[in-house]
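The values are calculated or read from the model by the stated rules, or taken from the named source; none is laboratory data. Computed from a prediction, not measured in an experiment: that's the story for all the values here. Note: ideal-geometry Cβ built from the backbone for every residue, glycine included; neighbour counts use all protein chains shown. Just so you know, the surface numbers come from the protein's heavy atoms only, side chains and all, with ligands and any DNA or RNA stripped out. Shrake-Rupley method; radii C 1.70, N 1.55, O 1.52, S 1.80 Å.
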Amino acid sequence: MNSDAIAPRAAIKTVGVMGCGQMGSGYVQVCAQSGYLVTCCEVNDELLQKGLASINARLIAAVTSGQISEEVKLQVLGRISGSTDLAALSGCDLVIEAVTEDLEIKKKIFATLDRVCPKDVVLATNTSVLSVLDLAMVTERPEKVLGIHMNPLMFPVAEIVKTIATREDAIQIASDFSRSLGKGVVVAKDIPGFIANRLISPLLLEAIRMVESDEASRDDIDTIFAKGMGWFMGPLAMADGIGLDTLLKGSEAIYDYTKDSRFAPPTLLKKMVTAGWLGMKTGKGFYEYGGLKSASEEV
């Protein structure tokens, strides 16, 4: 660790989000609803507009259900700007990467962010399983790179992932920021799956195996957990919410690292991903979903 490194800025007013898919658009929305100015980036205008449209649709639904007023909706949308140029994130006080779970793609993004963002800005990744240190080491600020892993629209707790290089003041800034979004905070080590996915992935995969082998039905599995165990949703509905392609990539990454058979993806999961049945974001997974289809996979 470089003891002479520039300390990360403590005051966060503008948040940058790279990726406006299911997770990225969730970050954009939650940050804007929490009062931050937000700049979101996508690789092309089509994906950007899809992501912004999904935010607008969720806000309209919140107005319709009486959760927020029309005035609040307009205020939230007014805090959001979009771009297809990563340089647009150069004025942000904190940047969160939320693109597909592909290490090489993420490395390229972090190398670019390192060039365009001021050296005192903390760079965060929303990866659920990949090595945060691998991303940190393509930058010249590894001490200010960390993970902020959560599903911003669904889960009330954030995992702040600390590598062996991450400075404590960066962890504090990420923790305070997450709390400002109304999230609880735990600090996790930079191991595959961190805490949440290391524990939950085997259960989700086993639920899929039980459906695959006709040992139990989708509805029975989810009913036991959602009604019998007090979960807010069952494991198969949760898999749909995470994204079946994300679950597949994540479980493969943990399996490659640990060689633990509990993380070996079931054939049914692979086939559903091949068929494009990715869950909520495509309108079909273990369940079918109506309404606006989410943008590209960027979890």
Positive minus negative residues near Y36 (Lys, Arg vs Asp, Glu; Cβ under 10 Å): +1
Sequence of S201, S261 when ordered by accessible area, the most exposed leading, probe 1.4 angstrom: S261, S201
Environment charge at T267 (Cβ cut-off 12 Å; Lys +1, Arg +1, Asp -1, Glu -1): +2
Net charge contributed by nearby residues that have their C-beta within less than 13 Å of M137 (K/R +1, D/E -1): -1
Ranked packing of 50-60, 185-195, 267-277, most packed first, by mean Cβ within 10 Å: 50-60, 185-195, 267-277
Solvent-accessible heavy-atom area per residue, rounded to whole Å², over the chain at 1.4 Å: 43 Å²
Inter-label distance for D260 and K119, nm, one decimal - labels placed 7 Å from Cα along Cα-to-Cβ: 4.0 nm
Net lengthening on full extension, S83/M154 (0.36 nm per residue, minus Cα-Cα): 23.0 nm
Chain lengthening between K227 and S34 when straightened (0.36 nm per residue, less Cα-Cα): 66.3 nm
Of K144/K189; K106/K249; K108/K270; K107/K281, pairs whose Cα-Cα distance is over 18 Å: K108/K270; K107/K281
Cα gyration tensor shape of region 173-299, rounded if a/c is under 1.5, else prolate or oblate by comparing a/b with b/c: rounded
Probe 1.4 Å - accessible area at F225, Å² to nearest ten: 40 Å²
Top of E97, E288, E42 by mean-square fluctuation, Gaussian network on the chain, Cα under 10 Å: E288
Backbone HN-Hα couplings from phi across region 64-74 [Karplus 6.51/-1.76/1.60, Hz, Gly and Pro as x]: 4, 7, x, 6, 9, 8, 4, 5, 5, 4, 5
Protein accessible area in the chain, 1.4 Å probe - carbon and sulfur %: 55 percent
R141, R198, reordered so the largest accessible area comes first (probe 1.4 Å): R198, R141
Förster radius 51 Å - calculated FRET efficiency between E206 and I164 (Cβ-Cβ, nearest 0.05): 0.95
FRET efficiency for M137 and K270, using Cβ-Cβ distance with R0 set to 22 Å, rounded to 0.05: 0.10
Rounded if a/c under 1.5, otherwise prolate or oblate - the chain, Cα gyration tensor axes: oblate
Segment Q67-E288, extension gain: residue separation times 0.36 nm, minus the distance between their alpha carbons: 77.1 nm
Accessible-area ranking of R115, R262, largest first, probe 1.4 Å: R115, R262
Fraction of antiparallel bridges per DSSP, the chain only, in percent to nearest 5: 15 percent
Interchain or long-range residues, amide H under 5 Å from V157's placed H: G184
GNM top mover of M18, M210, M150 - the chain, alpha-carbon springs below 10 Å: M210
